[in-house]
Structures are given as C-alpha cells and as structure tokens.
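Take a look at the structure set out below.
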Amino acid sequence: MTSLILFSTFGLLKARTQKKNKVNVVTLGCAKNLYDSEVLMGQLKANKFDVSDKNDNANIIIINTCGFIENAKKESIDTILTFAEEKKKGSIDKLYVTGCLSERYKNDLEEEITEVDAYFGTRELPRLLKTLKADYKHELLGERLLTTPNHFAYFKISEGCDRPCSFCAIPLMRGKHRSTPIEELVAQAKHLAKNGVKELLLIAQDSTYYGLDLYKKRALAELLNKLSDVTGIEWIRIHYAFPSGFPEDVLDVIAEKPNICNYLDIPLQHASSSVLKSMRRGTTLEKTNQLLETIRAKVPNIALRTTLITGYPGETEHDFLTMLDWVKQTRFDRLGVFTYSHEENTHAFSLEDNIPQEEKQERANLIMDAQSQISLELNEKKIGKTFKVLFDKIENDYFVGRTEYDSPDVDNQVLVPTKESFLRIGDFSDIKISQAGHYDLYGTVV
Ligand code: SF4
C-alpha cells in the first residue's frame, strides 16, 4: 500500500514537472492582436519556454483579448471564464489575461474573475514576461513566432490612433499613434523574407497616418518603396487605410511596383454625410466618392475592400437607403458590415442608441445581400481569365489559394481540386478560372 501511495504521488509529481513551462497563447480579435501574440511567443521561445497557440495540455494559459465591440467583449469574457473553470479544476496552473479587454476593464475584471493570476494592458509585454520569470530580449525586436502559414505574415507598421471617430474605443485601448521606424520595419521584412515569407499584410489602426508622428509627414509611400525592394517579398498588401487626408502618392507606388498588390482595404464606415459628420470621420460622401474615383483612375484594376456600420445613433431610413444605394453604385470588390455597438467612454456614447438591434442587423443583412450579388457578378467576369494564385492550405479535397485581390480569411478564395493537380502550399501558380461563386472561384492549373 505504502509503495502504491508513494508511486502514485511520485507519478503525479513527475507528470506535473513534465507540464511545467508549457504555454498556450489564445488570441482573440484582429490581426494586430495576432501580431502582438506572435511577438510575445517569440520572446517566450527565446526564454526556452515551450510555447505555441496550439498547446492543448499546457499548464500556463495566456489569453490575448479583444475589447472592441459588444460581441468581441463577450467572446473574450467567455474565453476567460472557460479557462477559469479549468484552473478551478486544477488542469491548468496559471492563467494570465492581456490585450484590449484587459487594458480597458482591468479593475472590473480583477474584481469579477479572480481565478486569473494577473491582468496586463496592451503595452505591458515586459511586465508579463517578468511575471513568467522571462527576460525581455531587446535584440529580438520585431522577431516573432508566426502563427500564420509560413509564406505570409501580418506586418504591423504602427500602433495606436490619433483619430477622433465617435464610435471607436480603440484609442482608449491602444493609445496615441506610434509609427515603427522605417529601418526597423525593413529589417523585420528582411528577416521574414529570409525565413520564407513571401507576402506582407500591412496592418495598423490607420496605415495612412504612418510617419506623421516620427517624420512629421505621411511616409507610407516611402515605406512601401523600401519594403518592395526587399528580396523575396512578392506581395505587399495594404490594410486599414483612412479616407480623409489620404496620401495619393501611395497610389503611384501601388501602380508602379509589381509586388505591391492592386488591393486596398479602406474602411469608410458610412455614406450619409450627416452620419459621417456625427461619426467625426472628417469627410463627406462627395469627398469619399472623389477619392474612390481617384484611386480607380490611378490604379485601374485595384480591388477595393471597405467596412461599414449600420444602426449608428440617429441613422434615419433615408441615411440607410443612401448608403445601400451607394453600395450598389460603387460596387466594392470586398465589403464587410458591423452593426453599431454603443461603447462607453466613446464620443458617441453620449448619443441615444435609438436603433433596435434587430433593425441594425436587418440593415446590415440588406447591404450584404446587395454585396453578395455584386461579388458574384464581378467573379463571373473572371471566368476564362488566368490569375497568379498563392496557395495557403488544402481543405475538403481542394487546394485553397488567393489572388492578389484577396486577403486571407476575409476575402474570396480560389479552389483547385486536389485530385486534378499537384500544387505546393506556399507557392504561386497560374490558375485559369472556370467557374465562379459568390465568394469562391474554381479553376485549373495553366
Ligand atoms: S481610425 Fe477611427 S475607427 Fe479606426 S482605430 Fe482610429 S479611431 Fe478607431
């Protein structure tokens, strides 16, 4: 009996020791959060931690949360509660929470979910590492553990935002705009290219504001020129551009440089000038249309992605129909819609959130119905044409790839049956489109 007790105690101790320092990083929210998690994982790996975003039986859990809008906050809280239960059951030893929700609601969270060992803000990586008895390795600047397929990487060029958009809580969580110096970004890009990355997805809160803090001028075009000279980078994709004060020299660089995708993600949020005014977007419908015309004139076959909000306080039926009609006229290549979320401490929080959630959703559905039809019509025009496609994965007997007009996870996919061809994930291939769906294209290798 004694030996049995001894054996089981020793067995348990041994098992516990085996699980030590195995970290699982759970990332919620946007690509900027994913980038931060990858930097955190790079630091932990350099400190000899066994870390990944897929460590099922890890004993240390770090949740990188999102605090942007209601749905995202709910998902973050549910995830924390799930792991808090695991901690209560003893299947994990340590639970840490970082990211935007933690930045925004730290005090409330500390009071309400006490199973969490510590909460960290969005700019507290060194303190988080110290808590894990890890050193912050300055020499690793920009180096990270990629969680995306090795051939593409999200590339954060700045943090924070100086814009006053009335509905947005991001500046509360991410602070003022801070551009990363061009030299550092070029060094990061070279490091990534040396490790097999072919596509950089430029991300920021506002990528077109790049450089205004550091160089007192808009420097996105200069940065793009430098990045496009990095050997091995075949695609550079711009996300999160801002309409007002848009630096048109960026369009010249897109048009000139073959390795900068003819693609632009530019969230426009609304099309009614009175709503844009209340949103403090610093632009009007007329100016927006002028900008879109200029973009399409300077880069004729550019794919435009935008994001809109329905149900903003005071949005009338007329405002909404103006936006719906504008979507039908403008024919964006890619489009997403959020329903307005009434966020405390934002400027719009002082307004009455007077549109019922069902109505907000109904308006969003009407826009997406119109967009789905536009997307089908634009895709049908691609039948018979050949496109350079980068293959990301195999799914359901298909090689799944993207053209330069498609960003991962949010845009269209090109599908090639696995039984008909052999393609390598991470490689480019020329694909002739034979069939078109609302959001998918089917094709064969040329
Ligand atoms: S540009 Fe506006 S919407 Fe975007 S992060 Fe900044 S404040 Fe928010």
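The values are calculated or read from the model by the stated rules, or taken from the named source; none is laboratory data. The shown structure was predicted, so the numbers you read here are calculated from the model rather than taken from an experiment. For neighbour counting, all protein chains shown are included, and Cβ atoms are generated from backbone atoms with ideal geometry for every residue, glycine included. Surface areas here come from the heavy atoms of the whole protein model, side chains and all, with no ligands, DNA or RNA. Shrake-Rupley method; radii C 1.70, N 1.55, O 1.52, S 1.80 Å.
Just a few scattered comments:
- Lone qualifier among Ser407, Ser429, Ser341, Ser375 - being of a type in the set (S, T, N, Q), part of a loop (DSSP other than H, G, I, E, B), open to solvent by less than 40 Å² (accessible area, probe 1.4 Å) and out of contact with any Asp or Glu (no Cβ under 6 Å at 6 or more places or on another chain): Ser407
- Here is the figure for segment 181-208: residues that are polar (S, T, N, Q), more than 16 Å from the ligand (Cβ to nearest atom) and either closer than 12 Å to Lys32 by Cα or crowded, with 19+ Cβ neighbours inside 10 Å (or both) total 1.
- Any pair with Cβ under 7 angstrom, 6 or more apart, that starts in segment 325-352 at a residue that is farther than 24 Å from Thr403 by Cα and ends at one that is of a type in the set (S, T, N, Q) and part of a loop (DSSP other than H, G, I, E, B): Thr346/Ser166; His347/Ser166; Ala348/Ser166
- The residue of segment 272-304 that is nearest to Ser166 (Cα to Cα), among those that are in a helix (DSSP H, G or I) and charged (D, E, K, R), is Lys277.
- Looking only at residues in segment 165-180 that are under 25 Å from Glu222 (Cα atoms) and open to solvent by 40 Å² or more (accessible area, probe 1.4 Å), the one that is farthest from the ligand (Cβ to nearest atom) is Arg178.
- Selection from segment 83-133 of residues that are over 13 Å from Met173 (Cβ atoms), open to solvent by less than 60 Å² (accessible area, probe 1.4 Å) and part of a helix (DSSP H, G or I): Phe83, Ala84, Glu86, Lys87, Leu109, Leu125, Leu128, Leu129, Thr131
- Residues of segment 143-164 that are assigned to a loop (DSSP other than H, G, I, E, B) and either within 16 Å of the ligand (Cβ to nearest atom) or closer than 12 Å to Gly175 by Cα (or both): Ile157, Gly160, Cys161, Asp162, Arg163, Pro164.
- Filter result (within 23 Å of the chain's Cα centre (by Cα) and within 16 Å of the ligand (Cβ to nearest atom)) within segment 251-279: Leu264, Asp265, Ile266, Pro267, Leu268, Gln269, His270, Met279
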